[in-house]
Amino acid sequence: MPFDIAFIWAGIIAFAVLAYVILDGFDLGVGILFPFFPERHDRDVMMNTVAPVWDGNETWLVLGGGGLMAVFPLAYATILPALYVPIIAMLLGLIFRGVAFEYRWRTTRAQFLWNWAFAGGSMIAAFSQGMALGALVQGISVVNRAYAGHWWDWFSPFTVLTGLAVLVGYALLGATWLVMRTGGDLREKAHSIATKAAIGTVVGMAAVSIWTPFLAPSYLQRWFSWPTAAFSVIVPVLVAGCIALLIYGIRSNRDSLPFVAALGLFVLGFAGIGISFYPFIVPPSVTIWDAAAPYDSMVFLLVGAVILVPTILIYTGYAYWVFRGKMNPDEGYH
Amino acid sequence: MFEGFDALLLARMQFAFTVSFHIIFPAFSIGLASYLFVLNGLWLWKKEKVYFDLFNFWKTIFAVAFGMGVVSGIVMSYQFGTNWAVFSDKAGPVMGPLMGYEVLTAFFLEAGFLGIMLFGLNRVGPKLHFFATGMVALGTLISATWILSANSWMHTPQGFAMNADGQFVPVSWFKIIFNPSFPYRFTHMVLAAYLTTALVVGATGAWHLLKKTAHDRAHTMFSMAMWMAAIVAPLQILAGDAQGLNTLEHQPAKVMAMEGHYESHPNGAPLILFGIPNPAEKRIDYAVEIPKLSSLILKHDLNAPLAGLDTIPDDREPPVAVVFWSFRVMIAIGFAMLGLGLWSLYCRWRKTLDSNVWLHRAAVLMGPAGFIAVLAGWITTEVGRQPYTVYGYLRTVESISPVDAPAVATSLIAFIVVYFFVFGAGTFYILRLMARLPRNPQPALNDGPLRTAGVTPAPAMNAKGRVDDNGGYDDAV
């Protein structure tokens with residue numbers, strides 16, 4: 001095929017999911033860190049750093065889901081029933097933390113409730129996403145275009161590990177985001193948390209990376225056979241580079257570098273999973289071509305995506321630009 | 001709680017529950033976004049403070065409602081996969097791209113400019129801020145366009161073929177998007193959103209007129225809302241009638257259930273005003289009817305024959321009682337809205353719009369009526385689509401995921417508990433915001449920069465010139 005549209009779409013969906021993970025990752029991370037900042041004013045500032053952008057960040061999740069249904073309907077129709085429990089838990093977590101952005105400012109008496117909702121919802125969403133990812137890596141049994149397992153098959157020690165790894169990873173994104181966007185004592189505290197979260201993230205990534213090849217022989221094969229083995233060399237080198245930058249950024253107390261390095265780690269981790277998966281979209285049996293929608297569905301949406309995704313990136317970037325720089329602690333949005 | 005229910009019934013209950021909660025928020029935010037755009041425009045054009053004050057007042061309420069709409073909407077976008085996997089696999093190639101376009105053209109637009117609209121006035125200046133408000137309003141309308149197109153296609157599918165896997169394969173996107181019921185449903189729903197918002201705004205204005213607080217703002221919003229009700233309510237009745245005729249053409253069984261016509265009427269069908277559907281005996285008990293009026297409305301001819309549900313095989317009959325009642329609730333509220341609109345015109349003519357307390361009380365009472373009408377209308381059309389998901393082609397029973405009943409029951413209970421708690425709290429906060437119309441004076445357009453951080457080229461911050469969105473009231477209660 002001169003122009004493999006299913007492959008292009010796999011790339012676009014992967015981009016949407018990655019955009020979601022790194023963007024909502026840092027704002028979920030801010031929620032995860034709420035318990036470490038008991039001061040009301042600190043929490044106000046933390047929430048305000050993400051208030052203008054969280055909704056846009058979460059829209060990438062809707063694009064990932066909606067896009068999957070549009071162009072890989074079989075993947076959408078098998079992954080979601082298989083991951084029923086973590087998906088529902090994630091949705092409920094996102095409800096609590098999403099409404100907390102507004103509710104928290106609408107009450108004093110019940111503010112504690114929405115602090116919990118924001119922190120708890122963020123943690124549940126992060127942990128569920130991690131478990132869902134782990135369950136996908138673990139493999140989903142598909143027979144006759146339908147999920148053929150039970151509703152607790154996703155649960156295993158491996159998925160608990162991936163859940164924790166993502167939770168800690170988001171905390172790192174959140175902490176480094178706060179280092180970049182805040183000042184004073186709040187920044188100092190975020191800085192000290194970033195150190196611990198960085199260690200946790202690196203340990204988590206290492207544990208998941210070591211465990212993954214033993215889940216399925218094909219993963220092992222893919223990392224050690226040509227041409228994908230080239231990536232097996234490049235990715236770990238880049239990961240080491242990012243870790244070095246992260247450590248340097250945190251130690252030299254830089255503002256933006258730790259956040260950028262943490263983003264880099266997430267991008268590389270994501271690329272690593274992509275290498276393990278390819279060409280499957282629902283391991284171990286459904287490839288991107290098996291799951292692909294009819295050609296006309298993919299073309300129709302591709303025309304829009306090619307024009308609209310760059311446009312979205314431009315105005316989303318503008319929205320970030322408008323709210324750039326250090327938060328003024330006295331600046332109240334509400 | 002749900003022992004003995006099968007996964008299909010539970011999944012249907014879950015979808016009905018989550019989508020019913022969800023539709024409330026877009027119905028409000030579509031109308032409110034447009035209203036904010038109008039207020040913002042009037043403020044920039046006329047430079048009257050009342051519009052700026054009203055913009056800020058409704059903006060805060062919009063933020064809460066929009067947040068609830070976003071989170072309840074994310075649930076919808078994943079529920080197709082969790083509970084309706086077979087539907088997703090088969091109809092995904094048609095429905096998915098429409099929803100994909102909704103995300104790409106509408107959700108990102110709303111989300112990208114919402115932050116600027118809510119928090120960015122002092123960072124971008126009034127003109128760009130107005131543009132952002134416009135983009136949010138436009139986003140809500142684009143979103144309605146795509147999702148109603150997708151929904152309408154499930155009612156009146158066309159422009160597709162079937163492939164070997166049993167999937168609906170798009171053949172003509174033009175035919176899919178502009179399927180026969182889409183223009184009618186879109187018009188009916190957008191007008192419903194505007195009307196719903198007008199009633200909420202009108203009730204809030206009326207409440208404050210009754211309370212005699214903040215007369216200028218209460219008067220302005222009440223007057224604007226009553227103009228809207230008076231103009232849109234009759235249009236909505238016409239739009240509803242047109243959609244009814246369209247439904248008669250494409251989904252006659254639904255209209256039979258709405259009308260309660262169990263029997264065919266070869267010589268003109270009566271309009272059943274009230275009655276108790278008796279599905280077991282297939283008749284309407286205690287029917288109060290006007291002879292031949294149904295034929296007049298649906299066929300514009302007193303003696304036109306109308307087929308009844310006796311011509312529809314039992315396994316293709318929608319649940320009559322639900323459709324029959326929900327339709328009557330919607331119609332009754334629709335005419336009550338028309339009555340309110342006409343009454344307000346009369347009071348306006350008599351110059352008693354601000355003083356007629358009975359009009360104000362009626363407007364307060366009608367505040368939530370739009371939501372009830374929207375829900376009743378959606379129940380009518382969606383239950384009337386049964387027993388199909390894609391009308392005539394894919395049955396609901398064939399659309400369900402291979403998922404265990406306990407999984408659906410557990411998640412249903414979780415959704416019920418969480419939704420009542422979370423959205424109950426949100427409704428309480430919105431009502432409290434509505435009840436607090438500030439009395440104290442606020443800075444106008446040129447009173448100086450507000451809430452500015454030191455990164456914009458705006459003039460230095462005036463520490464005391466900060467606009468308080470709560471209008472000077474403390475959050476403390």
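Tell me, which residue of the stretch B:80-93 that is within 7 Å of chain A (Cβ to nearest Cβ) and under 18 Å from residue A:298 (Cβ atoms) is surrounded by the fewest Cβ atoms within 10 Å (Cβ to Cβ)? If we take residues in the stretch B:80-93 being within 7 Å of chain A (Cβ to nearest Cβ) and under 18 Å from residue A:298 (Cβ atoms), then B:89 is surrounded by the fewest Cβ atoms within 10 Å (Cβ to Cβ).
A count restricted to the stretch A:298-322 and to residues that are of a type outside the set (A, V, I, L, M), buried (at least 20 other Cβ atoms within 10 Å of the Cβ) and more than 7 Å from chain B (Cβ to nearest Cβ) stands at 0. Of the candidates B:276, B:272, the single residue that is β-branched (Val, Ile, Thr), modelled with pLDDT of 85 or more, surrounded by 19 or more Cβ atoms within 10 Å (Cβ to Cβ) and outside any helix (DSSP H, G or I) is B:272. Being free of Cβ contacts under 8 Å to residues at least 40 places away in the same chain, in contact with a Gly (Cβ under 7 Å, 6 or more places away or on another chain), surrounded by fewer than 24 Cβ atoms within 10 Å (Cβ to Cβ) and of a type in the set (Gly, Ala, Ser) is true of residue B:77. Residue B:160: within 14 Å of chain A (Cβ to nearest Cβ) and either on the phi > 0 side of the Ramachandran plot or in contact with a strand residue (DSSP E or B) (Cβ under 8 Å, 6 or more places away or on another chain) (or both), yes or no? Yes; evaluated as a whole, the condition is true for this residue.
Considering the stretch A:97-110, the residues that are part of a helix (DSSP H, G or I) and more than 7 Å from chain B (Cβ to nearest Cβ) include one that is surrounded by the fewest Cβ atoms within 10 Å (Cβ to Cβ), namely A:100.
Just one of B:54, B:104, B:128, B:114 is in contact with an Asp or Glu (Cβ under 8 Å, 6 or more places away or on another chain) and either modelled with pLDDT of 90 or more or not acidic (Asp, Glu) (or both); which is it? None of the others qualify; the one that does is B:114.
The conditions of being in a helix (DSSP H, G or I), under 22 Å from the mean Cα position of the chain (by Cα), of a type in the set (Ser, Thr, Tyr) and within 27 Å of residue B:151 (Cβ to Cβ) are met by residue B:18.
Within the stretch B:167-198, the set of residues being aromatic (Phe, Trp, Tyr) and either in a loop (DSSP other than H, G, I, E, B) or more than 14 Å from chain A (Cβ to nearest Cβ) (or both) comprises B:178, B:182, B:184, B:186, B:194. Being at pLDDT below 90 and either hydrophobic (A, V, I, L, M, F, W, C) or closer than 17 Å to residue B:70 by Cβ (or both) is the requirement here; does residue A:81 meet it? It is false that residue A:81 is at pLDDT below 90 and either hydrophobic (A, V, I, L, M, F, W, C) or closer than 17 Å to residue B:70 by Cβ (or both).
Being under 30 Å from residue A:193 (Cβ atoms) and more than 14 Å from every other protein chain (Cβ to nearest Cβ) is not true of residue A:277.
Within the stretch B:405-417, being buried (at least 16 other Cβ atoms within 10 Å of the Cβ) and either farther than 24 Å from residue B:4 by Cα or not aromatic (Phe, Trp, Tyr) (or both) holds for B:405, B:407, B:408, B:409, B:410, B:411, B:412, B:416.
For the stretch B:356-377, the criterion of being within 14 Å of chain A (Cβ to nearest Cβ) and among the small types (Gly, Ala, Ser) is met by no residue.
Within the stretch B:394-409, restricting attention to residues that are aliphatic (A, V, I, L, M) and in a loop (DSSP other than H, G, I, E, B), the residue that is farthest from the other protein chains (Cβ to nearest Cβ) is B:400. Residue-level check: of (1) in contact (Cβ under 8 Å) with a residue 60 or more places away in the chain; (2) within 14 Å of chain B (Cβ to nearest Cβ); (3) buried (at least 21 other Cβ atoms within 10 Å of the Cβ); (4) within 29 Å of residue A:250 (Cα to Cα), residue A:136 misses just (4). Count of the stretch B:235-256 residues, restricted to those that are out of contact with any Gly (no Cβ under 6 Å at 6 or more places or on another chain) and under 14 Å from residue B:317 (Cβ atoms), is 4.
So which of A:295, A:278 ends up being over 30 Å from residue B:113 (Cα atoms) and surrounded by fewer than 14 Cβ atoms within 10 Å (Cβ to Cβ)?
Result of the check over A:295, A:278: A:295.
For the stretch A:156-171, the set of residues classified as of a type in the set (A, V, I, L, M) and within 12 Å of the chain's Cα centre (by Cα) consists of A:165, A:166, A:167, A:168, A:171, listed by residue number.
The values are calculated or read from the model by the stated rules, or taken from the named source; none is laboratory data. Keep in mind the model is a prediction, meaning the values are calculated, not measured. Using ideal geometry, Cβ is built from the backbone for each residue, glycine included, and neighbour counts are taken over all protein chains shown.
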